[in-house]
Amino acid sequence: MRIGDLSRATGVSRRLLRYYEEQGLLRPVRLDNGYREYVEADVAAVHHIRALLAAGLSTAVIAKVLHCVRDKDELRVPSGCPTFIGELRRERTRITEAIVQLESSRRLLDAVLDTASPDE
């Protein structure tokens with residue numbers, strides 16, 4: 001299938017699909033005429049990429065773990081792929097630390113706002 005077909009099948013723009021390729025997340029075959037040729041498995045890969053991005057992972061991390069995701073319809077913890085689990089644990093720790101920092105920032109802003117006069 002061509003990039004337009006993949007775009008329609010996944011709801012992801014052609015531009016974003018090319019970006020995923022630049023990041024090493026998709027590896028379409030290049031035909032002699034320069035067109036990209038995708039396979040059906042790329043539809044599932046794009047869905048997995050979107051889910052992992054929504055979970056807060058960067059494309060660099062996704063590039064490291066995407067090969068571990070084999071389930072067609074949903075993300076599952078794969079057996080025999082310790083890289084995946086280790087990367088997810090590191091990313092979860094990073095996100096937790098970011099949440100703690102954001103909560104601290106919110107408390108500080110709340111304290112400042114509490115001192116503001118009501119008509120401001």
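Read the figures in this text as sums done on the coordinates, not as results from a lab. In this text, all values refer to a predicted model and were calculated from it rather than measured experimentally. Virtual Cβ from ideal backbone geometry, glycine too; neighbours counted across all protein chains shown.
Along the axis of the charge dipole computed for the range 1-114 (Cβ charges of +1 for Lys and Arg, -1 for Asp and Glu, origin at the Cα centre), the listed residues GLY56, TYR38, VAL112 are led at the positive end by TYR38.
Summing Lys and Arg as +1 and Asp and Glu as -1 over all other residues whose Cβ lies under 11 Å from the Cβ of ILE99 gives a net charge of +1.
Candidate values (1) 18.1, 53; (2) 14.7, 40; (3) 20.0, 69 were compared with Rg and Dmax of the Cα atoms in Å computed on the shown model; the agreeing label is (3).
Averaging sequence separations of C-alpha pairs under 8 Å and six or more residues apart, then dividing by the length of the chain, give the relative contact order as a whole percent. Computed over the chain, the figure is 18 percent.
The charge dipole of the chain, taken about the Cα centre with unit charges on the Cβ atoms of Lys, Arg (+1) and Asp, Glu (-1), comes to about 580 debye, rounded to the nearest 20.
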